[in-house]
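The values are calculated or read from the model by the stated rules, or taken from the named source; none is laboratory data. Remember, predicted model here, so these are calculated numbers, not experimental data. Because the Cβ atoms are built from the backbone with ideal geometry, glycine has one as well, and the counts that use them run over all protein chains shown. These accessible areas exclude ligands, DNA and RNA; they are computed on the full protein's heavy atoms, side chains included. Shrake-Rupley method; radii C 1.70, N 1.55, O 1.52, S 1.80 Å.
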Amino acid sequence: MSILNIENFTKSYGEKVLFDGISFSIAERQRIGLIGVNGTGKSSLLRAVAGIEPPDGGKALHAKEYRIEYLAQTPEFAAGITVLEHIFRGDNPLMRTLRDYEAALAELEADPSHPKKQEKLFAIQQRMDSENAWEAEAQAKSILGKLGIRDYGKEVAALSGGQRKRVALASALIQPADLLLLDEPTNHIDNQTVQWLEEELSRYRGALLLVTHDRYFLDRVTNRIFELHRGRLHTYEGNYSVFLEKKAEREEQEASSEAKRQNLLRRELEWLKRGAKARTTKQKARIERTEELRDRKVDRPDEAIDFAVGGSRLGKKVVELEDVGIRIGDRKLVNDFTHIVLPGERIGIIGPNGSGKTTLLNVIAGRLSPDEGTVETGTTVKLAFYTQENEELDGSLRVIEYIKEVAEVIHTIDGETITASQMLERFLFTGPQQWTPISRLSGGEKRRLYLLKTLMGEPNVLLLDEPTNDLDIQTLSVLEDYLDHFPGAVLSVSHDRYFLDRTSDRLFVFDGAGGIRKFEGNYTEYLDAAAREEAIGGGAAANPQASGAPQAETARPRSDKPRKLSYKDQKEWDEIEGKIAALEARSAELKQLIEAFGSDYDKVRDLFEEDRKVTDELDQAMERWTVLSELIEELSRP
């Protein structure tokens, strides 16, 4: 059943058309991901749907009692409001009761013996009982705890930017709503919290429309994709993986149609060149047809980056850290850390928020000095640092002028040159956009421009601090392809699991208490290793979720090694490969059915739910197979 119908939404920003007469509907419990290049209007569309920033044209149709909750990229808060006051904002009876209860409780705690305050609290507790509000209150505090917010009485204005975003996220999850709009909900939260949010949204009772750059999150949470592209909206039934397949098919079809159009145009032009002796009605029609073919606008697929970028020569010595210690006040962020960065090394840096990851990058970059130990940088190192904070961009400069301040050209490994304009094209700034004043760019477009400027100096060592924040998926794909060809060393702080998998083959894992573990492998391999350790060793110490930071060490053998498999394990081992094969076959069958029923939303939704369960069961079976095979290998050793 449809809960919202959008009809012919149109929105322009100056001369730029963000969306032009787009229409769509949202059904109950749908999980929709909205994707598109920064600057195409994703956030504007969310604000228009929320009624915060009305469109230039079009209308939204919904039931009278329809409720929307909206999480902005940069949330705004009332002056002087506390965490709990913001969490329990809203005019519905449940929120009013929760606010009154928290206020009465605080009053009584301040003066426990006051009889009228005791009576007031007792009366509100009865309201809590009658409205079943205790569960909502417990859920609110549980969500705040999961998001790392525990000082409920603190003013929101006193929190960091990341904490404010998490308070706003908690509030959005708690407020009763038919449709929840989330603009980049995974920004400023760590990997474990993102995984928790995936599970929380799977239980959410309303519909979801969200913008995110986290591709694993998008793949696991959504069952429908909206792609906003050059003013048009393309819709796809399925999650992000299905979207990629369907988009590739659509672009192949468009390319085929364009090839046919070009061939037809060539034939028509040849006929015109030969000349027509008689201007008959039929011949005039052919001329008009040729002109129409020539002038038709074609929505071409975006070109991927395809070049091997060069860089300044990098010697054997890159960066050497020896016994490095870093403190902030009495708190030890890094304790006795030693590492030699090698040419071409790809390091991902992970850990809890506030554990010192960015501080370590600042020490490596020479912006901060360590409190203990030494950091030595090779004489050939040309370092570039992409920080979380935007540098001040001169809004009066045009895009191409800003880039040319760094370099007019860069060089490939093959010795060819790429101009600033060509690099801008590769980073999704088309010809006309290159002459746009920076002041007219969106926040995401400014981040993309700053990223390109960071790369234009042809560095040989790259430090990237949360590069996935505020960048769209397509820009991240361009950056990942760039890094595939980059000949130097790369160190990236990121909470984006997909980005870490694509760009890292070694991890520095901060434990939040000054320790940094090294792990050989990408983020998924790291999680697999932690899961194997938990399966073999058991207990919270091996559980990455329980400990707050996953354990980087690989699994250790048991001290009391049995001589053979138990009867239960042997039986499971005998059957597990058949079970895996059956699950793989069912998963493949479900994917075919999803394609076949592409236009039947209800059927596709049910199939997706079954496929999700089959995939989870398959992952568990594969993990169990790995554990059993390692145990068998261990038992076979003399």
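Structure data summary
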read-out: Nearest-10 value in Å² for the accessible area of R127, using the 1.4 Å probe; value: 80 Å²
read-out: Accessible surface of the chain, 1.4 Å probe, proportion on carbon and sulfur as whole %; value: 48 percent
read-out: Listed residues R250, R47 arranged by accessible area, highest first, probe 1.4 Å; value: R47, R250
read-out: Contour minus Cα-Cα distance for Q570 and L342 (0.36 nm per residue); value: 77.6 nm
read-out: Accessible surface, 1.4 Å probe, highest first, among residues H234, H114; value: H114, H234
read-out: The chain, helix-only ellipticity at 222 nm - DSSP H runs n ≥ 4, -39,500 (n - 2.57), divided by all residues, nearest 500; value: -14500 deg cm²/dmol
read-out: For segment 318-465: relative contact order, % (alpha-carbon pairs under 8 angstrom, 6 or more apart); value: 27 percent
read-out: Surface per residue (accessible, 1.4 Å probe) for segment 321-436, Å²; value: 50 Å²
read-out: ³J(HN,Hα) computed for each position of segment 500-513 - Karplus, 6.51 cos²θ - 1.76 cosθ + 1.60, integer Hz, glycine/proline x; value: 4, 5, 6, 10, 10, 10, 8, 10, 9, 10, 7, 9, x, 10
read-out: Selection from Q192, G58, N92 lying farthest towards where the dipole of the chain points positive, charges on Cβ; value: G58
read-out: Accessible area, probe 1.4 Å, largest first, for residues M128, M1; value: M1, M128
read-out: Segment 348-395: trypsin sites (Lys or Arg not before Pro) in DSSP loop, at most 13 other beta carbons within 10 Å; value: R367
read-out: Relative contact order %, segment 36-119, counting alpha carbon pairs below 8 Å whose residues are six or more apart; value: 12 percent
read-out: Computed E for H62/E391 - FRET, C-beta separation, R0 45 angstrom, nearest 0.05; value: 0.60
read-out: With all protein chains modelled, accessible area of K116 [1.4 Å, Å²]; value: 150 Å²
read-out: The chain, Rg to Rh (Cα coordinates; Rh as Kirkwood inverse mean 1/r); value: 1.01
read-out: Rounded FRET efficiency, nearest 0.05, which uses the C-beta distance separating Y13 from E252 and R0 of 45 Å; value: 0.90
read-out: Charge-dipole axis of the chain as Lys and Arg at +1 and Asp and Glu at -1 on Cβ define it, positive-most pick from A168, F77, F19; value: F19
read-out: Loop sites in segment 1-103: GluC sites (Glu not before Pro), DSSP, at most 16 other Cβ within 10 Å; value: E15, E28, E65, E76
read-out: About the Cα centre, charge dipole magnitude for segment 1-65 (Lys/Arg +1, Asp/Glu -1 at Cβ), debye; value: 200 debye
read-out: Student exercise, segment 49-203 dipole from Lys, Arg, Asp, Glu Cβ charges, in Debye to nearest 20; value: 160 debye
read-out: Relative contact order, percent, the chain [alpha-carbon distance under 8 Å, six or more residues apart]; value: 13 percent
read-out: Segment 123-216, dipole about Cα centre (Lys/Arg Cβ +1, Asp/Glu Cβ -1), debye to the nearest 20; value: 200 debye
read-out: Label-point separation in nm, K613 to N132, each point 7 Å along Cα→Cβ; value: 2.5 nm
read-out: F217 accessible area, assembled protein chains, probe 1.4 Å, Å²; value: 0 Å²
